[in-house]
Each structure stands twice: as structure tokens, then as C-alpha cells.
Amino acid sequence: MLAGIIGELSGRFGTPLFAPHLTLQGDTETTPELLRQAITAATGAVEAFAEPVSAVEGSDAYFRSFYARFAVSPALAKLKQSLDPDGFASFMPHVSLLYGEVEAGAKAAAIAEINARLDGRAIRFDRVGIVTSGQDVPIANWQVVASVALRSA
């Protein structure tokens with residue numbers, strides 16, 4: 001569903017396509033193998049879960065231009081603390097729906113439209129991935145290099 005919304009917005013506004021995701025840890029120099037070990041430990045302690053969308057919001061930040069926001073639930077808190085404890089104080093769980101600049105009026109109208117569609121809708125989270133991405137990697141080149149499932153409920 002979120003991939004469909006990202007595709008819809010990309011087509012409407014001419015913005016990049018990307019896979020929907022909630023970032024738990026940003027850019028890092030940690031090797032993929034050490035990250036895989038860390039997420040294997042973290043996912044072993046958390047069951048797959050669903051979280052309702054709190055709101056759809058926007059900002060002027062390129063990578064937070066338009067996003068679905070989530071509360072810091074116990075499951076998200078546990079994953080964040082396990083994988084990025086230094087970033088926990090500033091953790092704002094969200095799934096971006098559009099990257100880039102969009103004319104303010106059109107963006108506000110789209111945010112209101114998507115908010116009406118998503119507000120309170122539960123989104124299921126069932127895995128943690130390692131992605132080659134970053135501000136210096138073109139979005140089209142982002143790639144999932146590993147994925148570990150959360151515990152089954």
C-alpha cells in the first residue's frame with residue numbers, strides 16, 4: 001500500500017521512487033556483517049507488530065518532505081535502543097512518502113489527501129533490513145543487502 005502511495009506521489013510530482021521503510025539507524029561506517037549480527041540480536045527480541053499512522057506531515061527537509069509519522073511504541077523503542085542508542089533521544093519514527101521539493105500549496109493538498117487515507121491505519125512491521133543508501137548514494141542505487149524477520153507473534 002505504501003509503495004503504491006509513493007508511486008502515485010512520484011508520478012504526480014516527478015519525484016524519485018524508493019521502497020517504503022522506517023529508518024532505525026542512519027548512515028554508518030559499520031560493516032554489513034556487524035550490522036547483520038546487530039539486527040539478528042535485535043529482531044530476536046521483538047515480535048512483528050503493527051502501528052497506526054499518527055499523522056501524515058511534511059517538512060522542508062529533502063528526505064522528510066512528506067511522511068507518515070508513528071508514535072514511539074514499545075517495539076520501535078526497543079529496536080531503536082538496540083540498534084542506535086545514541087540516536088534515541090531524537091528518534092521520530094516515520095515512513096517517507098515523497099523525497100524532494102514540491103510546490104507548497106500542492107504539497108499541502110496532497111498531505112491532507114493522504115492523511116485522510118492513512119490516519120490511524122495500522123502498518124505492519126515484520127523485518128529489519130540493511131540497505132546501501134545515504135546522502136552520497138543516488139536513490140535509484142539504494143539496495144537491500146540483508147533482511148532479518150522479526151519474531152513471529
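The residues of the range 110-153 that are among the hydroxyl-bearing types (Ser, Thr, Tyr) and modelled with pLDDT of 90 or more amount to a single one, SER147. Taken together, the criteria exclude THR40 from residues that are closer than 20 Å to PHE125 by Cβ and surrounded by 14 or more Cβ atoms within 10 Å (Cβ to Cβ). Could you please let me know if ALA108 is over 20 Å from ILE123 (Cα atoms), part of a helix (DSSP H, G or I) and in contact with a Leu (Cβ under 7 Å, 6 or more places away or on another chain)? Spelling it out, it is not the case that ALA108 is over 20 Å from ILE123 (Cα atoms), part of a helix (DSSP H, G or I) and in contact with a Leu (Cβ under 7 Å, 6 or more places away or on another chain).
In the range 136-146 there is no residue that is in contact (Cβ under 8 Å) with a residue 12 or more places away in the chain, of a type in the set (A, V, I, L, M, F, W, C), assigned to a helix (DSSP H, G or I) and more than 21 Å from GLU8 (Cβ to Cβ).
The lone criterion from (1) under 15 Å from the mean Cα position of the chain (by Cα); (2) not in a helix (DSSP H, G or I) left unmet by THR30 is number (1). Restricting the range 55-84 to residues that are of a type in the set (S, T, N, Q) and touching a residue at least 12 places away in the same chain (Cβ under 8 Å) leaves a set whose member that is surrounded by the most Cβ atoms within 10 Å (Cβ to Cβ) is SER65.
The values are calculated or read from the model by the stated rules, or taken from the named source; none is laboratory data. Keep in mind the model is a prediction, meaning the values are calculated, not measured. Because the Cβ atoms are built from the backbone with ideal geometry, glycine has one as well, and the counts that use them run over all protein chains shown.
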